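S.K.: My questions will all concern the structure given below.
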Amino acid sequence: MAMAQDSTGPLAIKVFREMGVQKVWDPKRIHLVIDHSFPAPDEKVANLHILIREFVKQQGVRLVEGSISHQHLLENHVVPGMVLFGADSHTCQAGAIGAFATGIGSSEMAAVWASGKLWVRVPESIKINLTGQFKKGVYARDVITHFIGMVGEDGGNYKSLEWKGPAVKNLSIASRACISNNSMECGCKLSIFEVDPATQDYFKTANRKAMFEIHAGPKAHYKEEYEIDLGTLEPQVWGPGNESKVRSAGEFGDDHLDEVFIGSSTNGRYEDLQVVGKILKGHKIKAGTRCIITPASKNVFERAIKDGLAETFLESGAVRWLLSGRAASSGSGSQNPSRSTLQASSRRAFTLGTS
Amino acid sequence: MVGEDGGNYKSLEWKGPAVKSLSISSRACISNNSMECGCKLSIFEVDAATQDYFKTANRKSMFEVHAGPKAHYKEEYEIDLGSLEPQVWGPGNESKVRTASEFRDDHLDEVFIGSSTNGRFEDLQVVGKILKGHKIKAGTRCIITPASKNVFERAIQDGLVETFLESGAVFTNATCGACVGTHLGVLGENETCLSTSPRNYVGRMGATTAKIYLSSPATAAASALEGHITDPRRYL
């Protein structure tokens, strides 16, 4: 399967056309997702969206507008054992349910559209053994932030991260997706969880079947091995700058926050919004701080409304950007923060522990 | 009828027996959009409906303005609401105002429902009634933007947002949105849009080559279902 979004898709379309190929290799396995800027924030982007829609019509490939690509694919199309290339670095999120999923560039994507093939060097593996149980207020996001703080921003370069150990079974698919997604920030090629009963349950409700399950064999060789005891973790915050700025939340208390952004493909899932609702309920957002909540998909958006979470957010004074997509996270919306800004859940720059 | 400069620096006074049946939302729509004929003011006298509105909003009027018995008017017009058909303002000047059924050829790339002219709860209720159980036409995007946080919250509480989403429409936070061409649905080259916003001059919502038609929320909602300009009465 192949995916491109509205930032990378237009260049891939241009390259595809320059290659002189008439038809894509398999329209059913090609997804274009308009998620970075939706609805169009300016005329230039509006024209790129037109280009994408024309290509979709011409080639008969799939199009979704308004859900984040990774979340849309996870909810609807990815299966264990699948090979997924996405023209977006966080494609590795699909490793949460045992897919071989990784990000590629726009021109490579054009080649994939044309041939359905891509050369990939087999990555070496890093094993992370998860043990123990979370303390109150600690989440999957803290695991991955802690891990990146430990290995550094290039500590996983071109490696396949394998998340294993007795604590994995307690992690929901949403939590695994958070970890797989954010793993990209240490440079990994893949970030994989083995299929287990939680994966199977997820598939049953999504009415899909696995292609095959990937499990590490008994003689699996790992280049490096780490262990994280979830029970020792505190809520983690990644400060502005590199991985050396990862500290516990208690150590960052001084800066006033102009903006808190809760969303993105890392942490815009329903499970995340539930925790946010629990915390915001009956409280008010601090005057002078704006809180923007953006669900990761239309599905999350609808559930948040039906469940009364949206009302809780509004009562607290949070601005609910009632769209999915990645406006604030990728700086591509039209309400870009202009002053010092902290982001609560997106992957890069300044990251707080989940929710 | 009067043209884009037909009300230049005038005060429009809306009177007559039909006014009492217009909600404050409907009056706000008229007063808001009056600007497009150049008026300075566009006023409704205080009546029982205004009083009710104030009671719930917990405000007190400073004083009431009523036209005296000897009021002098520069011009007078009469509109029989019963003779009106759903109206559409085509791209270009006021000479392009026609009934909805006279414009049906263009494919609509976007339908925008919102703005200070027609983003009120009353408007969204009509839209919900029309969209319920139907799907937005493939190839047409329908963007619904409430006019205030209050409208936004009521639309969620009332289940309207669920109806919108089920139909395939996009529901955004409360803002001017696509009306001003600055975000949330800017038009690209040669796109065609039907909008409930007040203005459709060249380049208002994005590309200068885009065409903008204006209508009521009902006409806009019905048109989103059909993918071209449609008289809403078949859905009501």
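Conditions (1) surrounded by fewer than 17 Cβ atoms within 10 Å (Cβ to Cβ); (2) outside any helix (DSSP H, G or I); (3) away from every other protein chain (no Cβ under 14 Å); (4) modelled with pLDDT of 95 or more, marked per residue:
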| site | (1), (2), (3), (4) |
| --- | --- |
| A:THR266 | no, no, yes, yes |
| A:ASP272 | no, no, yes, yes |
| A:LYS278 | yes, no, yes, yes |
| A:GLY282 | yes, yes, yes, yes |
| A:ILE285 | yes, yes, no, yes |
| A:ILE305 | no, no, no, no |
| A:GLU315 | yes, no, no, no |
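S.K.: Given (1) surrounded by fewer than 24 Cβ atoms within 10 Å (Cβ to Cβ); (2) within 14 Å of another protein chain (Cβ to nearest Cβ); (3) not hydroxyl-bearing (Ser, Thr, Tyr), where does A:PHE38 come up short, assuming only one miss?
M.R.: (1)
S.K.: Residues that are within 23 Å of B:GLN125 (Cα to Cα) and modelled with pLDDT of 90 or more: does the stretch B:64-83 have at least one?
M.R.: There is at least one residue in the stretch B:64-83 that is within 23 Å of B:GLN125 (Cα to Cα) and modelled with pLDDT of 90 or more.
S.K.: Scan (1) in contact (Cβ under 8 Å) with a residue 24 or more places away in the chain; (2) more than 20 Å from B:ALA218 (Cα to Cα) for the single condition B:VAL65 breaks and write down its number.
M.R.: Evaluating B:VAL65 over (1) in contact (Cβ under 8 Å) with a residue 24 or more places away in the chain; (2) more than 20 Å from B:ALA218 (Cα to Cα) leaves (1) as the failure.
For every residue, the table says whether it meets (1) farther than 21 Å from A:CYS92 by Cβ; (2) within 13 Å of chain B (Cβ to nearest Cβ); (3) modelled with pLDDT under 95.
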site	(1), (2), (3)
A:HIS31	no, no, no
A:GLU43	yes, yes, no
A:LEU48	yes, yes, no
A:LEU51	yes, yes, no
A:GLU54	yes, yes, no
A:GLY60	yes, no, no
A:LEU63	yes, yes, no
A:SER69	no, no, no
A:LEU74	no, no, no
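S.K.: Within the stretch B:203-218, take every residue that is farther than 10 Å from A:GLU43 by Cα, in contact (Cβ under 8 Å) with a residue 24 or more places away in the chain and part of a loop (DSSP other than H, G, I, E, B) and give me the one that is nearest to the other protein chains (Cβ to nearest Cβ).
M.R.: B:ARG204
S.K.: Could you list all residues from the stretch B:122-176 that are within 8 Å of chain A (Cβ to nearest Cβ) and in a helix (DSSP H, G or I)?
M.R.: B:LYS149, B:PHE152, B:GLU153, B:ILE156, B:GLN157, B:VAL161, B:GLU162, B:LEU165
S.K.: Can you name every residue in the stretch B:181-190 that is more than 7 Å from chain A (Cβ to nearest Cβ) and out of contact with any Leu (no Cβ under 8 Å at 6 or more places or on another chain)?
M.R.: Listed by number, the list holds a single entry, B:ASN190.
S.K.: Could I ask something else about it? On the given criteria, is B:ILE229 in a loop (DSSP other than H, G, I, E, B) and touching a helix residue (DSSP H, G or I) at 6+ places or on another chain (Cβ under 8 Å)?
M.R.: Spelling it out, B:ILE229 is indeed in a loop (DSSP other than H, G, I, E, B) and touching a helix residue (DSSP H, G or I) at 6+ places or on another chain (Cβ under 8 Å).
S.K.: So, one more: For a quick check of your reading of the model, give me the residue pairs whose first member lies in the stretch A:11-35 and is open to solvent by less than 10 Å² (accessible area, probe 1.4 Å), whose second is of a type in the set (Lys, Arg), with beta-carbon atoms closer than 9 Å and at least 6 apart or on different chains.
M.R.: A:ILE30/A:ARG62; A:HIS31/A:ARG62; A:LEU32/A:ARG53; A:LEU32/A:ARG62; A:VAL33/A:ARG62; A:ILE34/A:ARG53; A:ASP35/A:ARG326
The values are calculated or read from the model by the stated rules, or taken from the named source; none is laboratory data. Remember, it's a predicted structure, so these values are computed and weren't measured experimentally. Counting neighbours? That spans all protein chains shown, and the Cβs are built from the backbone with ideal geometry, glycine included. Note: areas computed on protein heavy atoms with side chains; ligands, DNA, RNA excluded. Shrake-Rupley method; radii C 1.70, N 1.55, O 1.52, S 1.80 Å.
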